[in-house]
Amino acid sequence: MKYSGIDLHSNNSVVTVTDEEDRVVAEKRLPNDLAKIIGFLSPWREELAAVVVESTYNWYWLVDGLQEAGFEVKLANTGAIRKYDGLKHSGDEADARQLAHLLRLGILPTGTILPPEHRATRDLARKRMQLVRSRTSHILAIENIMARQRAVKITSNQVKRLTADAVDQMALPADVALAIQSNLAVITTLSAQIELLERRLQERLGERTEYALLTSVPGIGRILAAIILLETGSIDRFSAVGNFASYARCVDSQRMSNGKKKGEGNTKNGNKYLAWAFVEAANFALRCCAEAKRFYERKKARTNTAVATKALAHKLARACFHMLKERKPFDVRRCFA
């Protein structure tokens, strides 16, 4: 058998093919051209156990192209791969060989390759989050201007309802009014695009059973349900509820030795979008669910608000896992028993 590792960069890739004894059969730095990479690997197509690609920001085109060409592809979870720090020489070639080596040994940490259509819809939800963050920055800019100029506290909803005519009637200095109107123009544009993306997400997910199940959870509306569903993918890829909670960054990160805590692990290991969604859901659940509020208050009395919120987010994440696994709606007694 042969094994291939690809060290992927923004404009080129190092492609390595090794044998059963880790000897390099072929190795070359190639431009990020799918045809050239496939052409380089083609002589070993029948012998290759798989091709390993790093899970970098730009892997979609390469993984999809190799799969369409008939290659078995593995997506390496780079966050879980630790190289020996004492190596005297390292580089792109060594990285590619290491991927092939881990594949040969059967210890390659892998990530999930979601279908292209699923990734496209998931990226729409991420794009919405990006636009919302941008809109928030412009809303805060207007709030700050009003506080500086008039010592007036204005809410985000009031900012969203502002018009150019209303700004003109404030009798602000011309340059200040222009600054506010510039922010308003951007807010209006972003709001229109956010609404467009939300409609598309509703079209894609509104009929799915899992979507309806998630919206039955207190604190989870249509937007959070869409994010949780798309970022989770198939719930079957998580063997246990603890794996899902860890992926959602809802569990502690710590290193233990002889029963004692010796430090913390990688606190950012997991999905940051799921982590955000469940914390948001916890904050909303406090307002509409008495059982969630009682659970939060008990935790807060022993710790603090941040830990209590995260504990509630953990509860909701575990509930969502069981709901998606069992295809059952939210049961508040089971969740907060």
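The values are calculated or read from the model by the stated rules, or taken from the named source; none is laboratory data. The model shown is predicted, which means the values in this text are computed figures rather than measured ones. Please note: Cβ atoms are built from the backbone with ideal geometry, for glycine as well, and neighbour counts cover all protein chains shown. Note: areas computed on protein heavy atoms with side chains; ligands, DNA, RNA excluded. Shrake-Rupley method; radii C 1.70, N 1.55, O 1.52, S 1.80 Å.
Miscellaneous remarks
- Once the Cβ-Cβ distance of Phe336 and Ala151 is raised to the sixth power relative to R0 = 30 Å, the FRET efficiency obtained is 0.10.
- Helix 305-326 axis versus longest C-alpha principal axis of the chain: approximately 60°, rounded to the nearest ten.
- Of all DSSP-defined beta bridges confined to the chain, some 70% are antiparallel rather than parallel.
- Using alpha-carbon coordinates, inclination of helix 222-232 to the longest axis of the chain, degrees: 10
- Amide proton proximity set for Gly221, modelled H, under 5 Å, gap of 5+: none
- Neighbourhood charge, 15 Å Cβ-Cβ cut-off, centred on Thr303 and excluding it, Lys, Arg +1 and Asp, Glu -1: +4
- The 3J(HN,Hα) values that the Karplus relation (6.51, -1.76, 1.60; θ = phi - 60°) gives for the stretch 32-45 are, in residue order, 6, 10, 4, 4, 5, 5, 5, x, 5, 7, 4, x, 10, 3 Hz. Gly and Pro appear as x.
- Around Glu117: net Lys/Arg minus Asp/Glu count, Cβ-Cβ under 12 Å: +1
- Local electrostatic count at His322 - Lys and Arg +1, Asp and Glu -1, tallied over other residues with Cβ under 15 Å: +3
- Signed unit charges on C-beta, dipole axis of the stretch 171-319, positive-most listed residue Phe295, Leu196, Ala285: Phe295
- Report note on the peptides 9-19, 146-156: ranked by the mean count of other C-beta atoms within 10 Å, highest first, their order is 9-19, 146-156.
- Here each label is just a point 7 Å from Cα along the line to Cβ, and for Met170 and Thr188 those points are 1.5 nm apart.
- Amide N proximity, the stretch 22-62 versus Ala94 label position 7 Å along Cα-to-Cβ, cut-off under 19 Å: 22-25, 27-29, 54
- Debye log10 I(q)/I(0) for the stretch 164-203, one point scatterer per Cα, at q = 0.15, 0.20, 0.22, 0.28 Å⁻¹: -0.47, -0.61, -0.67, -0.86
- Angle between the chain longest axis and helix 174-205 axis [Cα atoms, degrees, rounded to 10]: 60
- With every protein chain in place, the chain: carbon and sulfur % of accessible area (1.4 Å): 48
- Unsatisfied cross-links (Cα-Cα over 32 Å) in the set Lys260/Lys310; Lys127/Lys153; Lys299/Lys325; Lys74/Lys272; Lys160/Lys268; Lys300/Lys325: Lys160/Lys268
- Distance (nanometres) between label positions extended 7 Å along Cα→Cβ at Arg287 and Ala240: 3.7
- Here the chain is treated as a Stokes sphere of Kirkwood radius computed over C-alpha pairs; at 25 °C and 0.890 mPa s its diffusion coefficient rounds to 104 µm²/s.
- Residues of the chain: accessible area per residue with a 1.4 Å probe, Å²: 55
- Pairwise inverse Cα distances across the stretch 1-157, averaged and inverted, put the Kirkwood hydrodynamic radius at 18.1 Å.
- Relative contact order of the chain, pairs being alpha-carbon contacts under 8 Å that are 6 or more residues apart, as %: 12
- Across Trp59, Trp44, the residue with the most accessible area heads the list, and the full order at a 1.4 Å probe is Trp44, Trp59.
- FRET efficiency estimate (nearest 0.05) - Cβ-Cβ, Arg327 to Glu20, R0 41 angstrom: 0.35
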